[in-house]
1. I need a count of the residues in the range 223-232 that are touching a residue at least 24 places away in the same chain (Cβ under 8 Å) and under 15 Å from Gln129 (Cβ atoms).
2. Of all residues in the range 98-143, which are farther than 14 Å from Ala225 by Cα and surrounded by fewer than 15 Cβ atoms within 10 Å (Cβ to Cβ)?
3. Can you name every residue in the range 113-135 that is among the aliphatic types (A, V, I, L, M) and within 24 Å of Arg235 (Cβ to Cβ)?
4. Consider Val187 carefully, then state whether it is out of contact with any Cys (no Cβ under 8 Å at 6 or more places or on another chain) and assigned to a strand (DSSP E or B).
5. Just the residues that are more than 26 Å from the chain's Cα centre (by Cα), more than 22 Å from Thr75 (Cα to Cα) and among the small types (Gly, Ala, Ser), please, taken from the range 193-235.
6. Restricting the search to the range 160-178, which residues are within 16 Å of Leu141 (Cα to Cα) and either buried (at least 18 other Cβ atoms within 10 Å of the Cβ) or in contact (Cβ under 8 Å) with a residue 12 or more places away in the chain (or both)?
7. Tell me yes or no: at least one residue of the range 84-94 is touching a residue at least 60 places away in the same chain (Cβ under 8 Å) and either under 17 Å from Ala237 (Cβ atoms) or surrounded by fewer than 21 Cβ atoms within 10 Å (Cβ to Cβ) (or both).
8. Give the number of residues within the range 206-235 that are within 15 Å of Ile81 (Cβ to Cβ) and open to solvent by 30 Å² or more (accessible area, probe 1.4 Å).
Amino acid sequence: MSALSRLFARFSGLFKRSAPVATRDTARKSDSRSGRSSRSRSAGSSGSANGTSASGSSQPRRNLMGKATIQALPTFQGFEIDDIEVVQGEQAVAEACAVLRAAGTLGFDTESRPTFKKGEAPQGPHLVQLCTNQRAYLFPLRITMPAALRELLADRSIRKVGFDLRSDLALLDANFGLRCGGVEDLVPLFRRAGYRNTVGAVQAVAILFRQHYRKSKSAKMSNWAAAQLNDSQQRYAANDAYVALRAYQALRERARRPAATEAVADSAVNK
């Protein structure tokens, strides 16, 4: 073999040894890109196929009911004046709180005297309302809070449910130094059920019970720091807590229903 032939054979051997390495590297890169692309297509198709959102929520979007539709519904029958107790005096507060503790889960809300001057800080709440399924208890607040009521509100083992309680809790903390325990806000519960807009008491009653909860605007803007609450104020305050309790119970029941039953309920709302 000539020197030129030996040199050509050497280079040919080097080329053959290096070629498979490059081929394996190229194959691995190609497989990696193919895998990423396949996973991406799979993730995208699975999200769109079952209607889930990017956040992973499996609940369908649910609609609120229109004002005219709600007003045409039968009237929601809440607490009447005989079902409501305005609790005053240390002994009466202790007795009422014992009844409430026994119930375990309570409707909860507060009322504060409205502020009409720009920059005026709210001084409430002036009333705390708690209820069972049978009776509402209204606790007027003056300078201090009764010890039995404070202990009940702070107790994490007693569930207190209400609508959009952020400002209520903030005022109790700021003006009475009270951190409430065991509180469950219904607004996030409705969001998890598929309602993207905030659901208040009127909407909740319409959605869950197909009834119209009629709220008095004059009572809402009344003086909640008054020495004596009139009948309209008492009914307004008591039923805000009662509706919260009933809505919470209905949502828990709804969560246990089969999906087909929920679909029928949703179609009724959208009509």
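1. 4
2. Ala98, Val99, Ala102, Gly104, Phe116, Lys117, Lys118, Gly119, Glu120, Ala121, Asn133, Gln134
3. Within the range 113-135, Leu127, Val128, Leu130 meet the criteria.
4. no
5. Within the range 193-235, Ser222, Ala225, Ala226, Ala227 qualify.
6. Scanning the range 160-178 gives Asp168, Leu169, Leu171, Leu172, Asn175, Phe176, Leu178.
7. yes
8. 6
The values are calculated or read from the model by the stated rules, or taken from the named source; none is laboratory data. Nothing here was measured: the structure is a model prediction, and the numbers come from that model. Please note: Cβ atoms are built from the backbone with ideal geometry, for glycine as well, and neighbour counts cover all protein chains shown. The area values use the complete protein model at the heavy-atom level, side chains included, leaving out ligands, DNA and RNA. Shrake-Rupley method; radii C 1.70, N 1.55, O 1.52, S 1.80 Å.
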